[in-house]
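A.B. asks: The following block contains the structure, expressed as structure tokens.
Any read-out appearing in this document is the output of simple, stated calculations on the displayed coordinates, not a laboratory observation. Computed from a prediction, not measured in an experiment: that's the story for all the values here. Please note: Cβ atoms are built from the backbone with ideal geometry, for glycine as well, and neighbour counts cover all protein chains shown.
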Ligand code: SF4
């Protein structure tokens, strides 16, 4: 009697393990398929921010906090024509930076940060953009998201910078579910296959920006619609 109970327990455990393994395999295949499709659509995705070198990219990303890339791009060509190095930015001064970027939200704080980070880059890093997350995050106006974007674009690191688009898309599909950008970042890093990590950040941003929009996702033209569990699919009309 005891033996048959033990057998039953073992069989149940085996069935549960098998189901779990199948679930993990299925999830992995789905994630693989999502990124295969996004990568085939745009094999070498690029940032849509205007920049000319690592320093101007850093400045552009700092300016893009709570602002759109398009809005930032309206102001940065004029700013970078005047100052595309930390030395030139310091020489330009906070007031002129402020005037040049005044169409961007939070421009006063951002101008202050740009001058502050230019000064620190010269004092601590020989005027170069540093290569580690901690060093980047020691600069004024640079949080984890900004540091991750710079590490990804300038230094080719497989980082995921979770902005509003990635946060929304990741929770909708879902890929990684979380209440904070940090938890989504952690979840995405765990599930995205290594070969897709380098560009995953751009694929997700672009898909979120142009297809899986905040108010009205364009599900009818979404190439991963059949892999998405979001209930309220938007029809063509
Ligand atoms: S099907 Fe709709 S909700 Fe799902 S990822 Fe595509 S656009 Fe977003």
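A.B. asks: Would you mind calculating the gained length between residue 123 and residue 41 on full extension (0.36 nm times residue separation, minus the Cα-Cα distance), in nm to one decimal? Please report the intermediate quantities before stating the final value.
C.D. replies: Values: separation 82, 0.36 × 82 = 29.52 nm, distance 4.32 nm.
Going from the current span to full extension adds 25.2 nm.
A.B. asks: Dividing the alpha-carbon Rg of the stretch 180-237 by 2.2 N^0.38 Å yields what?
C.D. replies: Working: Rg = 12.8 Å, N = 58, 2.2 N^0.38 = 10.3 Å.
Rounded to two decimals, the normalised Rg is 1.24.
A.B. asks: I'd like the distance between the alpha-carbon centres of the stretch 56-96 and the stretch 132-160, rounded to an integer number of Å.
C.D. replies: Cα centroid of the stretch 56-96 versus Cα centroid of the stretch 132-160: 17 Å apart.
A.B. asks: For a quick protection proxy, order the peptides 214-222, 143-151 by their average other-Cβ count within 10 Å, most packed first. If you can, show how the numbers build up before the last one.
C.D. replies: Working: 214-222: 13.1, 143-151: 21.2.
Top to bottom by mean Cβ count within 10 Å: 143-151, 214-222.
A.B. asks: Further, regarding this structure: Just the number, please: Stokes-Einstein D of the chain in µm²/s, Kirkwood Rh from C-alpha pairs, 37 °C, 0.692 mPa s.
C.D. replies: Rounded to a whole number, D works out at 164 µm²/s.
A.B. asks: Compute the acute angle (0 to 90°) between the alpha-carbon long axis of helix 2-41 and the principal axis of greatest extent of the alpha-carbon atoms of the chain; round to the nearest 10°.
C.D. replies: 40 degrees
A.B. asks: Is any residue of the stretch 164-187 close enough, with backbone N under 16 Å, to a label point placed 7 angstrom from the Cα of residue 231 along the Cα-Cβ axis, and if so, which?
C.D. replies: Only 172-174 fall inside the zone, counting backbone N under 16 Å.
A.B. asks: So what is the calculated 222 nm ellipticity per residue for the chain, using -39500 (n - 2.57) for each DSSP H run with n of 4 or more, over all residues, to the nearest 500 deg cm²/dmol?
C.D. replies: Mean residue ellipticity, 222 nm, calculated: -20500 deg cm²/dmol.
A.B. asks: Peptides 76-83, 190-197: what's the order by average Cβ count within 10 Å, highest mean first? Before the final figure, lay out the partial values.
C.D. replies: Numbers: 76-83: 16.9, 190-197: 13.9.
Sorting 76-83, 190-197 by mean packing, highest first, produces 76-83, 190-197.
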